[in-house]
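A short write-up of the structure that comes next.
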Amino acid sequence: MVFKVKGEGVFKACMFFPYLICGIAVGFIFKFFYARGYVLDSILMAFGMDLENIPLWLQNQKINNIALVATSVWRYTGQNMILFLGAMMSVDTEMYEAASLDGANKWHQFRYIILPSIKSIIMLNLILSISGSLSAFEPPYVITNGQLGTGTYFVIMNRLAHENQKVGLACAMAIVLLVIIIAVTVAQRLFFKYVFDGGTAEESRNAVKQRKKREREAKRRMRIEKKGGA
């Protein structure tokens with residue numbers, strides 16, 4: 001869609017529309033979508049599968065969490081699409097033309113032009129995705145009520161606070177979740193700093209390593225010269 005695909009407006013609308021739906025409504029939609037004999041089972045039976053061979057999407061503990069993950073992926077794909085499209089469309093098109101003249105294919109353009117240019121958006125999306133997964137509440141609460149191994153941190157915290165009346169414990173869990181999110185965010189920033197190695201978009205990782213190696217050698221020679229002069 002960055003390179004002007006035919007019908008891109010329709011694709012963008014279809015992918016972004018689920019993000020506009022309320023989370024509770026999404027939960028009710030997929031509660032009936034996964035229900036026995038309803039939408040998903042009817043689609044599979046239309047392709048020739050027997051109902052007895054179709055698993056229980058929400059009762060089978062081997063796949064019920066996968067079904068909930070698919071719900072969240074369907075809902076938040078539009079948000080990620082908008083962020084990535086905005087970052088990728090901000091890249092100067094002349095860079096693609098120059099790379100094509102130099103013989104670069106689409107993979108080379110992505111690796112050496114697009115990826116370094118959108119690294120901040122990648123980091124932002126990872127932070128939002130991980131913090132969002134740690135605080136997931138609406139799909140498991142509405143679809144399964146946290147039963148059969150689908151209870152997330154927020155669902156359990158809500159149960160302790162409102163059903164078991166253990167408000168103090170729930171507050172402590174909220175503080176712990178905040179600390180976990182901060183720790184994960186800091187770890188991600190350090191990871192990306194190591195992956196991109198502190199270089200600019202024009203520098204390859206090997207070039208950055210060579211530059212830092214030369215800087216260390218220059219500092220070591222300066223220390224030796226100072227000691228010799230003393």
Could you give the length gained by full extension between R220 and K62, i.e. 0.36 nm per residue of separation minus their alpha carbon distance, to one decimal place? 51.1 nm
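Based on the Kirkwood radius over alpha-carbon pairs, what is the Stokes-Einstein translational diffusion coefficient of segment 45-106 at 20 °C with 1.002 mPa s viscosity, in µm²/s?
Numbers: Rh = 16.0 Å.
Approximately 134 µm²/s, per Stokes-Einstein.
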DSSP H helices in the chain with Cα extent of 18 Å or more along the helix axis and mean Kyte-Doolittle hydropathy at least 1.0? 119-134, 167-196
May I ask you to give the solvent-accessible area per residue for the chain, in square angstrom, as obtained with a 1.4 angstrom probe? 67
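So, with a 1.4 angstrom probe, what is the percent of accessible area on the chain that is carbon and sulfur?
On the way: 10020 of 15330 Å².
Result for the chain: 65 percent of the exposed heavy-atom area is carbon or sulfur.
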Per principal axis, largest first, the Cα atoms of segment 22-65 extend in Å by 34, 22, 11
Kirkwood Rh, the chain, all Cα pairs: how many Å? 22.3
I'd like to compare 3-15, 108-120, 137-149: which one has the highest average count of other Cβ atoms within 10 Å, and what's the full order after that? 137-149, 108-120, 3-15
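Could you give the semi-axes, largest first, of the ellipsoid that matches segment 119-173, computed as the square roots of 5 times the alpha carbon gyration tensor eigenvalues and rounded to whole Å? Walk me through the intermediate numbers first.
Numbers: eigenvalues 138, 42, 9 Å².
They are 26, 14, 7 Å, listed largest first.
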With a Cα-only, solvent-free Debye model of segment 1-50, what are the log10 I(q)/I(0) values at q = 0.14, 0.22 Å⁻¹? -0.59, -0.82
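What does the convex hull of the Cα atoms of segment 26-154 come to per residue, in Å³, rounded to a whole number?
146
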Near I24, within a Cβ-to-Cβ distance under 14 Å, what is the net charge of the other residues, with Lys and Arg +1 and Asp and Glu -1? +1
Rounded to the nearest 0.05, what FRET efficiency do T93 and I130 give with R0 = 35 Å and r taken as the Cβ-Cβ distance? Could you check? 0.60
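Let me have the relative contact order for segment 1-108, percent, based on Cα pairs under 8 Å that are six or more residues apart.
On the way: 50 pairs, mean separation 38.1, N = 108.
That works out to 35 percent.
The values are calculated or read from the model by the stated rules, or taken from the named source; none is laboratory data. Source: prediction; values computed, not measured. Every residue, glycine among them, receives a Cβ derived from its backbone with ideal geometry; neighbour counts consider all protein chains shown. With ligands, DNA and RNA removed, areas are computed over all heavy atoms of the protein, side chains included. Shrake-Rupley method; radii C 1.70, N 1.55, O 1.52, S 1.80 Å.
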